[in-house]
Amino acid sequence: MQNNTTIDHGTADFLAESRKRRTFAVISHPDAGKSTLTEAMALHARIVDEAGVTHGKASRHATLSDWNDVERERGISISSSALRIEYRDTVINLLDTPGHSDFSEDTYRVLMAVDFTVMLIDAAKGMEPQTRKLFDACRRLSLPVITVINKCDRPGKEPLELFDEIQEATGRTPVAVNWPVGGYGAFHGLVTPGSDAYIHHRPVRAGAQLAHEEVAAGATDSRLDPGGWPEASENALLARELNGSFDDDDFIACRQTPVFFAAASGNLGVRALLDFITTSAPSPAPRRDLSGAPRPIDDEFSGFVFKVQSGTDAAHRDQVALVRINSGTFERGMTLRHAQSGRALNAKYAHHLVGRGRATATRSYPGDIVGFVNATGLRIGDTLYAGKRVEFPPMPRFNPERFRVIRLTDASHQKRFAKGIAQLEADGTVQVFRTQDGSPRGPVLGAVGDLQFEVARERLLREFGVETAYDDLLPFSLSRPLRGPGAEGITEVFGTDLLYRPDGEPVGLFRDRWKLERALERMPGIFAS
Ligand code: G4P
């Protein structure tokens, strides 16, 4: 077994391994093609057999990254999973995010674990509400964003119009890395601005196989559509004149977003995107600990939990804490320490997720995601480390906007109910509160969106075997953390209420924005900063 105080990873190999990592999430407004692109990337990296990647929502959603019963039934992606795929010489850690806005808190936590994002935009729809929110989250987290304009095989908005929308909504300058040849509806290739080279695509039926790609000299190759290339080439140059060329520093500093064109369902443009990710997207960099000091990636092992996932599939009805490695080498079997409790944790049961299965994690590097199976006591945001103690900042909690009392319908299952509620709190499915009088009817659950309540109830039934029911929504639409003493005074303002988190932290509930403003005016001192 590895002695965790004498890990030797300060070698050129260690740094080379870290530089090979690309850890990112594909994000988008629902239906822009996130699942389709994820599968197309996996197909290019050949981690799933061709038969496994079938096109069509029902089958596709049951294959790769969506695995929770609730989401399978509803056809939406709720949980996040981490896929490890290899493309050329690069190890890609692809983190999936829930598409639905009701799970934006979960998405935010995943974004805290990545080094950049790939933002998909539907060519026909342009910037949608969730696209804007996600760009905003990336701005707050200083995450570089690669933009992919998807569904170019269908009629859509003019690319330059989309560029204006992106610039206006995000403040990042979109720069074209490639440009579609043939235009929407007749998309059959990509050209690089300022270059004669033309990647000609012959799409394949149903997207289950790689698209046939041929690199041609655009201006001279007579086999190609004669009209498409010159026009695309001219437009690509125009875009470059307007917005400039790709610049590494501007990309990393979030001043630019490189733009790709693709049709994920036909696997068109996916290779160009992957090639760019391997050559130009950032590898893991030092992350700041709680004191604000950057943790060098070649320091001893450290990482943090960004997701706790339960009931992952029928064959593995267990709980997995997903940890993003920030520094050092992870060795299977090494002894780690849990910063929050001080407890030692033996990392015997750790794995990566590969396609639909799992592979045992033996050696992992910064940027990698390791799943710890049934490591009870690990909560979202917790730090694991080896050697000298380090702690990373906690995950920010969203202020819930929906509140409901959840009741147990069969009183004999009190213990299991309490256990289930504690689990839902720990893995961030919902936030849990008690009332001032101790919640005799049942705890209050807080959520950003109603689907969270549905998932919570479903999980209590499936994983803990308890039937529950909700009371009506409480009449509050905003909440803010408070600090005592004097927090109880909040209830003097009409249209407010007070709840407590399990750790005793008081939280104020407000009927609407005006009630919140009123309370802020009257007692600013009780609001936590
Ligand atoms: P999401 O995860 O972002 O929610 O999107 P998802 O991949 O499920 O894709 C949403 C719909 O868009 C799917 O169609 C999918 O096939 C389609 N789609 C994705 N990429 C492309 C593309 O490049 N071109 C075209 N034309 N369509 C694309 P669906 O109607 O929900 O299902 P089905 O068509 O697969 O039956």
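Laboratory data are not the source of any read-out in this text; all were calculated from the coordinates shown. Predicted model, so just to flag it, every value in this text is computed and none were measured. Cβ sites come from the backbone with ideal geometry, for glycine too, and all protein chains shown count toward neighbours.
Label zone of Ala197 (point 7 Å out along Cα→Cβ, amide N under 14 Å): in the range 260-276 this covers 271-276. Backbone amide hydrogens, once placed in the peptide plane, bring Thr429 within less than 5 Å of nothing, excluding anything fewer than 5 places away on its chain. In angstrom, the C-alpha Rg and Dmax of the range 124-163 are 11.6, 34. Shown in residue order for the range 159-170 are the 3J(HN,Hα) couplings computed by the Karplus curve 6.51 cos²θ - 1.76 cosθ + 1.60 at θ = phi - 60°: x, 5, 5, 5, 4, 4, 4, 5, 4, 5, 7, 10 Hz (x for Gly and Pro).
Computed over the range 416-480, relative contact order equals 30 percent, with contacts defined as Cα pairs under 8 Å that lie 6+ residues apart. In order along the range 503-514, the phi-based Karplus estimate (6.51 cos²θ - 1.76 cosθ + 1.60, θ = phi - 60°) of 3J(HN,Hα) comes to 7, x, 5, x, 10, x, 10, 10, 4, 7, 4, 5 Hz; Gly and Pro are listed as x. So what is log10(I(q)/I(0)) for the range 385-529 at q = 0.09 1/Å, when the Debye sum runs over its Cα atoms only? Cα-only, vacuum Debye calculation for the range 385-529: -0.31. In plain terms, the residue of Lys34, Lys348 with the fewest other Cβ atoms within 10 Å comes first and the most crowded comes last, giving Lys348, Lys34. Less than 5 angstrom separates the built amide H of Asp153 from those of Gly185, all sequence-distant by 5 or more or on a different chain. Under conditions of 37 °C and 0.692 mPa s, the range 387-434 yields 245 µm² s⁻¹ as its translational diffusion coefficient, taking Rh as the Kirkwood radius over Cα pairs in the Stokes-Einstein equation.
Cross-link partners among aspartates and glutamates for Lys133, C-alpha distance below 19 Å, same-chain residues fewer than 8 apart left out? Cross-link targets: Asp31, Asp96, Asp102, Glu105, Asp106, Asp115, Asp122, Asp164, Glu165, Glu168, Glu401, Asp450.
Amide H contacts under 5 Å for Glu86: Ile92, restricted to partners 5 or more places along the chain or on a different chain, H placed in the peptide plane at 1.01 Å from N. All Cα-Cα distances of the range 96-193, cut into 10 Å bins from zero to the largest, leave 14, 46, 30, 9 percent in each bin in turn.
For the listed peptides 23-33, 113-123, 503-513, a ranking on the average number of other beta carbons within 10 Å per residue, highest first, reads 113-123, 23-33, 503-513.
Pairs spanning more than 25 Å between alpha-carbon atoms, out of Lys34/Lys307; Lys151/Lys307; Lys157/Lys307; Lys348/Lys388; Lys20/Lys307; Lys307/Lys419: Lys151/Lys307; Lys157/Lys307.
Taking other C-beta atoms within 10 angstrom as a stand-in for reagent exposure, Cys254, Cys138, Cys152 fall in the order Cys254, Cys138, Cys152, fewest first.
Whole-Hz Karplus values for the range 436-444 come out as 4, 8, x, 6, x, 7, x, x, 9 Hz, taken residue by residue from phi with 6.51 cos²θ - 1.76 cosθ + 1.60 and θ = phi - 60°; glycine and proline positions read x.
Plainly put, the range 94-133 has a radius of gyration that is 0.97 times its Kirkwood radius, both from alpha-carbon atoms, as the Rg/Rh ratio. Take every Cα-Cα pair in the range 448-529 and report what % of them are more than 18 Å apart. Within the range 448-529, distances greater than 18 Å cover 50 percent of Cα pairs. Remark on the range 356-444: Rg and Dmax equal 17.6, 50 Å (Cα only). Per residue, the convex hull spanned by the alpha carbons of the range 233-317 comes to 195 Å³.
Ordering Ile166, Ile146 from the fewest to the most neighbouring beta carbons within 10 Å gives Ile146, Ile166.
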